[in-house]
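A.B. asks: First, the structure itself, so that you have it in front of you.
The values are calculated or read from the model by the stated rules, or taken from the named source; none is laboratory data. Quick caveat: nothing in here was measured; it's all calculated off a predicted structure. Using ideal geometry, Cβ is built from the backbone for each residue, glycine included, and neighbour counts are taken over all protein chains shown.
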């Protein structure tokens, strides 16, 4: 599911979008039926508006358990007077279908671990461990091994234990050859080291950390464009980037007031999740170089507005800081709004 246990609040919007996509695809939507005029996420079967509506529908039930607030990338739960646990859950989503076709399921495992760890980083926490869940119509041992080995590779790089997981064979739920890979990452943070965006103010700078490509969101639309044809796996399926080293370097050099992992909803949609009321980000969309995959999408009829609404466009993590550190790229600033 797509609910988090939270104290400072969390809800990963793109998870609901992927849940919606899965339900639609299961109902038999043709993913190769888009025309040049309908190259949008909605037309591919995923509604970001529905994702937001799901959050509001579940708010009362979640907050009845003693938690409060929504919008951050990882939920925080007190461990003791000094420390908090940070937790997040996500999946690779429909990118796995292309990974399976391309023979790159190991990259899918890397996608999952990096995505979950990056979400935990946004709270200021250090990753402790990852749990995974593999489900399929029929379990293929080699496919499961590739996924888990890919996740383990990223976990080793992050100093994060792959603590265990679950493998489920569900022929009544998944169609033949379908599989899913989800995970939960738990981290730990000192209370005084929490990053929650509450100190962000007008005049602060938005720093963009480069992505490796599309990462792990928007693939219902990508798949609709690809259809049953051949595709360039190196271009479309590059593994999700791990930002642990980048975040450590930034925090060592400046005051990081907020971190936004650019997942479903694009740069502005994810920055808005960590900014306080009355503050919004203004982005200079020409301030960085986009990876070639976004030109590929544009050439196939995805409008600029839709690219900005759905994809990371080459910026996979945003940091809000008081001034631009040396060697970083400023992509925008914060402004006060009425």
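A.B. asks: Taking residue 73 and the conditions (1) out of contact with any helix residue (DSSP H, G or I) (no Cβ under 6 Å at 6 or more places or on another chain); (2) surrounded by 11 or more Cβ atoms within 10 Å (Cβ to Cβ); (3) modelled with pLDDT of 75 or more, which numbered condition does it fall short on, given that it satisfies the others?
C.D. replies: Just one mismatch for residue 73, condition (1).
A.B. asks: Run residue 114 past the list (1) within 30 Å of residue 321 (Cβ to Cβ); (2) touching a helix residue (DSSP H, G or I) at 6+ places or on another chain (Cβ under 6 Å); (3) not in a helix (DSSP H, G or I) and report the number of the one that doesn't hold.
C.D. replies: Residue 114 satisfies all of (1) within 30 Å of residue 321 (Cβ to Cβ); (2) touching a helix residue (DSSP H, G or I) at 6+ places or on another chain (Cβ under 6 Å); (3) not in a helix (DSSP H, G or I) except (3).
A.B. asks: If you don't mind, there's one more thing I want to ask. Among the residues of the range 216-246, count how many are over 25 Å from residue 154 (Cα atoms), in a loop (DSSP other than H, G, I, E, B) and in contact (Cβ under 8 Å) with a residue 24 or more places away in the chain.
C.D. replies: Counting residues in the range 216-246 that are over 25 Å from residue 154 (Cα atoms), in a loop (DSSP other than H, G, I, E, B) and in contact (Cβ under 8 Å) with a residue 24 or more places away in the chain gives 3.
A.B. asks: Quickly run through the range 119-153 and pick out the residues that are assigned to a helix (DSSP H, G or I), within 12 Å of residue 105 (Cβ to Cβ) and touching a strand residue (DSSP E or B) at 6+ places or on another chain (Cβ under 7 Å).
C.D. replies: Within the range 119-153, 143, 144, 147, 148, 151 qualify.
A.B. asks: How many residues are under 18 Å from the mean Cα position of the chain (by Cα), at pLDDT 95 or above and on the phi > 0 side of the Ramachandran plot when one looks only at the range 228-281?
C.D. replies: 1
A.B. asks: If you go through the range 122-132 one residue at a time, do you hit one that is out of contact with any helix residue (DSSP H, G or I) (no Cβ under 9 Å at 6 or more places or on another chain), surrounded by fewer than 24 Cβ atoms within 10 Å (Cβ to Cβ) and at pLDDT 95 or above?
C.D. replies: Yes.
A.B. asks: Taking the conditions exactly as written (at pLDDT below 95 and either in contact with a helix residue (DSSP H, G or I) (Cβ under 6 Å, 6 or more places away or on another chain) or farther than 12 Å from residue 134 by Cβ (or both)), does residue 176 satisfy them or not?
C.D. replies: yes
A.B. asks: If we only count helices (runs of 4 or more DSSP H) wholly inside the range 255-331, which ones have 2 or more residues that are touching a strand residue (DSSP E or B) at 6+ places or on another chain (Cβ under 9 Å) and crowded, with 23+ Cβ neighbours inside 10 Å?
C.D. replies: Per the criteria, 266-271.
A.B. asks: Looking at the range 141-178, which of its residues are touching a residue at least 12 places away in the same chain (Cβ under 8 Å) and over 20 Å from residue 90 (Cβ atoms)?
C.D. replies: 169, 171, 175, 176, 177, listed by residue number.
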